[in-house]
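To start, the structure under review is shown below, and the notes come after it.
What follows draws every value from the coordinates through simple rules; no lab data is involved. Everything quoted here is computed from the prediction, not taken from an experiment. Quick reminder, even Gly has a Cβ in these numbers, built from the backbone with ideal geometry, and neighbours come from all protein chains shown.
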Amino acid sequence: MTENTEAEWLATTQQFAVVLGVVVDKVGRVLYGEIVDPQLRGRYRFVGLDGIPTAVHDWLGEVLSDQSRDES
């Protein structure tokens, strides 16, 4: 990717930062956790490793929904 193309691509993307808290057992299995976004009031909780994608999906939906409201 050329420098100009990369800059154009970056201009069309968004980056977000969240805190991911995870509780694991002695062997490293994810028991539960939550995603915390300082910009949002909600906490997006999950159970097990398989619950993380759903929590991320719910959080991202909220972020994008808030952005749509701010733009209108």
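The table that follows gives values for the structure above.
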| read-out | value |
| --- | --- |
| Cα-Cα pairs of the chain separated by more than 14 Å (percent) | 67 percent |
| Options Val63, Ala17, Leu31, ranked by Cα towards positive dipole end of the range 14-71, top entry (Cβ charges) | Leu31 |
| Magnitude of the charge dipole, the chain, Cβ model with Lys/Arg +1 and Asp/Glu -1, debye to 20 | 520 debye |
| The chain: relative contact order as a whole-number percent, Cα under 8 Å and 6+ apart | 18 percent |
| Whole-Hz couplings from phi, Karplus 6.51/-1.76/1.60, listed for the range 51-63; x for Gly and Pro | x, 5, x, 5, 5, 5, 4, 5, 5, 5, x, 5, 4 |
| Residue order, fewest to most surrounding Cβ atoms within 10 angstrom, among Thr13, Thr5, Thr54 | Thr13, Thr5, Thr54 |
| Ser68/Ala7 FRET efficiency (R0 25 Å; Cβ-Cβ; nearest 0.05) | 0.45 |
| For the chain, the longest site-free run once trypsin sites (Lys or Arg not before Pro) in DSSP loop states with at most 15 other Cβ atoms within 10 Å are removed | 42-72 |
| For Trp9, Trp59, order by how many other beta-carbon atoms lie within 10 Å, fewest first | Trp9, Trp59 |
